[in-house]
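All remarks here apply to the structure that follows.
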Amino acid sequence: IEATSLRLEKTAFDLLLAHQPSSIFISYRRKESSAFALLVLARLKAEGLDAFVDLALVPGDDWHADLMNKVKMRDYVVLLLAPASLESAVVHDEIKKAVETKSTVIPIWHNGFVYDSNYWKGKVPDEVDHLLKGTHAIRVLEESALAYNNAVVEMLN
């Protein structure tokens, strides 16, 4: 019995070691959400999660192909949306790639952003509109450190 018990304990321990942390891509528009993206990155890494933001791209590489590959490799995409975020074709591409690869997308609306499908219809790809109409979003309701922190806590829970 002792040998069996030892094998079971070792197997359980091996399973614990084999657990990979969730991998997360942070999608944002630099013009509006850089500071928030860095806060989210820091908090995710502090939780031991594998988070990526585009500042880690290698100079000289094909940045767009690298971004799409990073999205494809991630379990989750945290989508930081402010009023002009959806004007970015790169943000559209990141969302479309997340949908295509079946990543879980977690939208966080901030800086007064509210998604209005009627307004964005025809301005964003159909996949983006469909995702944003049908996905619960975390909302930062006021521009304060506490409100941003609360959004990050909600995302982590």
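The values are calculated or read from the model by the stated rules, or taken from the named source; none is laboratory data. Fair warning: this is a prediction, and the values are worked out from it, not measured in the lab. No Cβ is skipped: glycine too gets one built from the backbone with ideal geometry, and neighbour counts run over all protein chains shown. Ligands, DNA and RNA are stripped out before the accessible areas are found, and what is left, the full protein with its side chains, is counted by its heavy atoms. Shrake-Rupley method; radii C 1.70, N 1.55, O 1.52, S 1.80 Å.
Calculated from the structure at hand, Rg and Dmax of the Cα atoms in Å is found among (1) 20.6, 71; (2) 18.5, 68; (3) 30.6, 101 as (2).
Comparing 75, 61, 129 in a Gaussian network model of the chain (Cα springs below 10 Å), the most mobile by mean-square fluctuation is 61.
Entry comment: accessible area of the chain is 59 Å² per residue, from protein heavy atoms only and a probe of 1.4 Å. The listed peptides 96-108, 44-56, ordered by packing as a protection proxy, come out as 96-108, 44-56 (highest mean of other Cβ atoms within 10 Å first). Projecting the Cα atoms of 73, 110, 132 onto the charge dipole of segment 64-136, computed from C-beta unit charges around the Cα centre, puts 73 farthest toward the positive end.
Taking the protein heavy atoms of the chain in the context of the full set of protein chains, the accessible area attributed to carbon and sulfur is 56 percent at 1.4 Å. Students often get this wrong, so check it: of 102/123; 70/123; 97/121, which have C-alpha atoms separated by over 21 Å? Those over the limit are 102/123; 70/123.
Its Cα centre serving as origin, the chain has a Cβ charge dipole (Lys and Arg +1, Asp and Glu -1) of approximately 100 debye. Our analysis of segment 107-157 gives Rg over Rh at 1.04, with the two radii drawn from alpha carbon positions and Rh computed by the Kirkwood formula.
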